[in-house]
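In what follows, a single structure is set out as structure tokens and then discussed.
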Amino acid sequence: MRAKAVYPNAAFERLQGIGLTSQRMRDRMVARQIEAQLEDVRVISAMRATPRHCFVDEALASRAYEDTALPIGFGQTISQPAVVATMTQALLRDLNPKKVLEIGTGSGYQTAILAQLVPQLWTTERICELQQRAKLMLTELGLTHVHYRCEPNELGWAAAGKFDAILSAAAPEEIPASLVDQLAMGGRLIMPIGDGTTQKLIVLNKTSRGLVKHSLGDVLFVPLIEDACV
């Protein structure tokens, strides 16, 4: 289903770019690489609206609307747009999460997509410089309802209470029990699981009958560093 781009505020229009960073390129990226895989028009609209070129180094801006991961420094990457879209739709499917936790702010691109779709968003990162850079851009876009934490010694944000959904941009080898504990009953965890070569994107639902898990297919994310936010 085709969705018209909707800018949440004037900042999105101001930063929409020209040429290889233009709205036309975002529309083309979504139409060619994302739209056929998605059903949620809210996610499609957010993907069309969000200026991904603002979340990569200027030298890579001309590649921002390729469906590929790109380096952002510190050994980290900005995720492939199709994967961002898939994870976001999986988080929202048949769920209306009010309070969401993101593990790994990174570039801030996934944060920007989520912030347009959920009313309360918490995001953690172990590399403070990356998070500060992301925060500046997200604030410039007017996405000011995001809570930030840079803490290398704790996975998640237990002090913030239970979350309706958690999304991770890094892959542990097994599902962390600490993140399951931070999920509210009826909540959902979206996370890549596996080693550096073989990973599956897992959707885990926390129900009164126990944990229900299924896979969305193969992915490749940076590894989650144990005892750290990402």
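A short reminder: the numbers here are calculations on the coordinates, not readings from a lab. This is a predicted model, so every value here is computed, not measured. As a convention, Cβ positions derive from the backbone with ideal geometry for all residues, glycine included, and neighbour counts pool all protein chains shown.
Key figures
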read-out	value
Gained length - Q37 relative to N9, 0.36 nm times residue gap less alpha-carbon distance	7.4 nm
Contour excess over end-to-end distance, with Cα ends at S178 and K162 and 0.36 nm allotted per residue	4.6 nm
Coordinate range along principal axes, alpha carbons of the stretch 62-206, Å, largest first	42, 36, 32
Residue order, fewest to most beta carbons within 10 Å, for D181, D67, D164	D181, D67, D164
Loop GluC sites (Glu not before Pro), the stretch 155-229 (other Cβ atoms within 10 Å of the site Cβ: 10 or fewer; DSSP)	E174, E226
Burial ordering of S208, S22, fewest other beta-carbon atoms within 10 Å first	S208, S22
DSSP-loop chymotrypsin sites (Phe, Trp or Tyr not before Pro) across the stretch 1-104, with at most 16 other Cβ within 10 angstrom	F74
Sorted by Cβ neighbour density within 10 Å, fewest at the top, the residues V212, V219, V43, V203	V212, V203, V219, V43
Pair T139, T198: separation of 7 Å Cα→Cβ label points (nm)	4.5 nm
Estimated 222 nm signal from helices in the chain, with DSSP H stretches of n ≥ 4 weighted -39500 (n - 2.57), rounded to 500	-7000 deg cm²/dmol
